[in-house]
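First comes the structure, then the notes that go with it.
Just so it is clear, none of the values below were taken in a lab; they were calculated from the coordinates. Model, not experiment: these values are computed from the prediction. Backbone-built Cβ (ideal geometry, glycine too); neighbour counts: all protein chains shown.
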Amino acid sequence: MNTVGHFINGQVIETAERTQDVFNPATGEISKQVAIAAKNTVEEAIAAAQVAYPEWRNTPPAKRAKVMFKFKHLLEENADKICALIGEEHGKIPHDAMGELTRGIENVEFACSAPQMLKGEHSRNVGPNIDSWSEMQPLGVVAGITPFNFPAMVPLWMFPLAIVCGNTFVLKPSERDPSCALLLAQLMQEAGLPDGVLNVVNGDKVAVDTLLTAPDVKAVSFVGSTPIAEYVYATATAHGKRCQALGGAKNHAIIMPDADMDNAVAALTGAAFGSSGERCMALSVAVCVGDEAADTFIEKMSGAMQSLKVGAYTDSSNDFGPVITEAHKQKVNGYISSAEQQGATIVVDGRNPDVAGFENGFYVGGTLIDKVQPGMTCYEEEIFGPVLLVVRAESMEQAMQMINEHEYGNGTCIFTRDGEAARYFSDNILVGMVGINVPLPVPVAYHSFGGWKRSLFGSLGTYGPDGVRFYTNRKTITQRWPSSGVREGAQFSFPSH
Ligand code: NAD
């Protein structure tokens, strides 16, 4: 059986002391093995990145950007291959896989503007014959640790920008769908990236812990669930590293009584069930203001859900595919059962759907649950499945209070025709990414992505301008060139105008 290896110093390494099964979630079969790196393998990758760093740091930004231009073209040329890998290992249907890849490519396009981003700032004559400027210098070796749900896009949030800024990189992708990251690294090599600048190690906690504690790793970008994000942030910062750790979510949409209900239902259908709800920006809670809005929403949404198609990635007419593992399927089903036991009403039940020909796949159908309340397990925790909860609120203030009191603060949105309400909402809601009649407000590549509260540990978001700040150290230089000899005597007061 094929084993997905590591990519270290430009070489694919297939030997491994330990391996782990990789499943095809659509069929439920083991399709390949993934090498699980031992500590010394991760150390080899860090050492390769450390050796490659001095030359890469001093490569002109325009030359580094040229690699990214070529990489962008290679991603486009290899899009079908990348999407097929995403389908086989994640289960995502082709147009959704293409959407993820396109968003990833946009991050590569942003990285192509490196010379502009790294220019810094310059002031002439900050004092008599004194000039001052700031530079954005790379950090050294940086690491990225990524989740299963965007095997192409989340790595592309990280390494193109880090590398174009002059850093070298060690990527630890999810062990559940590892092939995509390996292919991306090979395409970077084909684009002209020198060996050692980008390395990929597959693995588990052993690999992560090695990256978090190695003295040569200067910064860590993490994306994954909140408990692991919190651990990664605490460990990396305790070891003197810069860290940004993006965690889980519970994204609410407020449906106001004046909302265009058909539009809201169409938007939420995609945002709740697309990618089987396995998106950190999935809208998993609809907070309807008033019983009338709630009843209309439930009626229209359950109608729309009649035509939802869950199935394998091999049929592009499906709306979404399986969840990632059998264990995750059981977990999602468990949340649905807990809602029922705690007094909510299951309106559409997606447990154990019939998917003809794929009986062993990890499928959960679209599920709609009404009369959910704060305090219920299904409300408090991230389900990460195709499950939409409906909470009934008496007022917009009450709906906002629920959102503000929730531990997560990744994304949210409001559906309304009232501009004043929308402005009040975006001004006062304690969430990092806000949509107004836009269900998935994922910022474009030239903005930055980041939640609030327990959805992000660290002070900078990922990609865009925040990404540049994260992957660089600002240095400010103040310079004077006296012609000769001592012009001024010693000064003991603090220099000022
Ligand atoms: P996960 O936390 O299980 O895994 C993420 C990474 O951490 C993987 O590379 C994994 O190998 C590693 N890891 C797992 N257990 C570990 C441990 N005990 N110690 C050290 N490392 C460990 O997350 P996942 O299931 O792959 O992804 C889904 C989660 O990611 C969801 O919670 C989702 O909301 C979140 N997510 C967040 C964002 C965001 O931008 N905020 C984006 C995508 C996904």
Charge tally in the Cβ shell below 15 Å around ARG279, where Lys, Arg are +1 and Asp, Glu are -1, ARG279 excluded: -3
log10 of Debye I(q)/I(0), alpha-carbon scatterers only, for segment 299-397 at 0.13 Å⁻¹: -0.47
Inter-part gap, Cα centre of segment 23-49 to Cα centre of segment 365-380, in whole angstrom, is 35
Please label the shape of segment 381-478 as rounded, prolate or oblate, based on the square roots a ≥ b ≥ c of the eigenvalues of the alpha-carbon gyration tensor (a/c under 1.5 means rounded; beyond that, a/b larger than b/c means prolate, else oblate). prolate
As a check on your grasp of the helix formula, calculate [θ] at 222 nm for the chain: sum -39500 (n - 2.57) over DSSP H runs of n ≥ 4, divide by the residue count, round to the nearest 500. -12000 deg cm²/dmol
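Report the convex hull volume per residue for the chain, counting only C-alpha atoms, in Å³.
169
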Say the dipole of the chain comes from +1 at the beta carbon of Lys and Arg and -1 at that of Asp and Glu; which of ALA266, GLY489, VAL387 then lies farthest toward its positive end? GLY489
Using alpha-carbon positions, the gyration tensor of segment 251-436 gives root eigenvalues a ≥ b ≥ c; with a/c under 1.5 called rounded, otherwise prolate if a/b exceeds b/c, else oblate, the class is prolate
Please report the spacing between the Cα centers of segment 241-302 and segment 110-160 in Å, no decimals. 34
Nearest 20 debye, what's the magnitude of the dipole of segment 251-436 about its Cα centre given +1 on Lys and Arg Cβ and -1 on Asp and Glu Cβ? 400
Note to self: C-alpha centroids of segment 70-101 and segment 386-456 sit apart, in Å, by 30
Please give the charge dipole size of segment 346-472, origin at the Cα centre, charges +1 on K and R Cβ atoms and -1 on D and E Cβ atoms. Round to the nearest 20 debye. 320
To the nearest 10 degrees, the tilt of helix 61-77 (Cα long axis) against the first principal axis of the alpha carbons of the chain is 30
Treating only the Cβ of Lys, Arg, Asp and Glu as charged (+1, +1, -1, -1), what charge dipole size does the chain show about its Cα centre? Round to the nearest 20 debye. 2160
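Once you list every other residue whose beta carbon is under 9 Å from the beta carbon of ALA219, what net charge do they have if Lys and Arg are +1 and Asp and Glu are -1?
Values: positive: LYS218, LYS241, ARG242; negative: none.
Surrounding charge for ALA219 is +3.
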Neighbourhood charge, 15 Å Cβ-Cβ cut-off, centred on LYS63 and excluding it, Lys, Arg +1 and Asp, Glu -1: +3
In degrees, nearest 10, range 0 to 90: what is the angle between the Cα axis of helix 153-164 and the longest Cα principal axis of the chain? 10
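Per residue, how much space in cubic angstrom lies within the convex hull of the C-alpha atoms of segment 134-212?
92
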What's the angle, to the nearest 10 degrees (0 to 90), between helix 79-90's Cα axis and the longest principal axis of the chain? 60
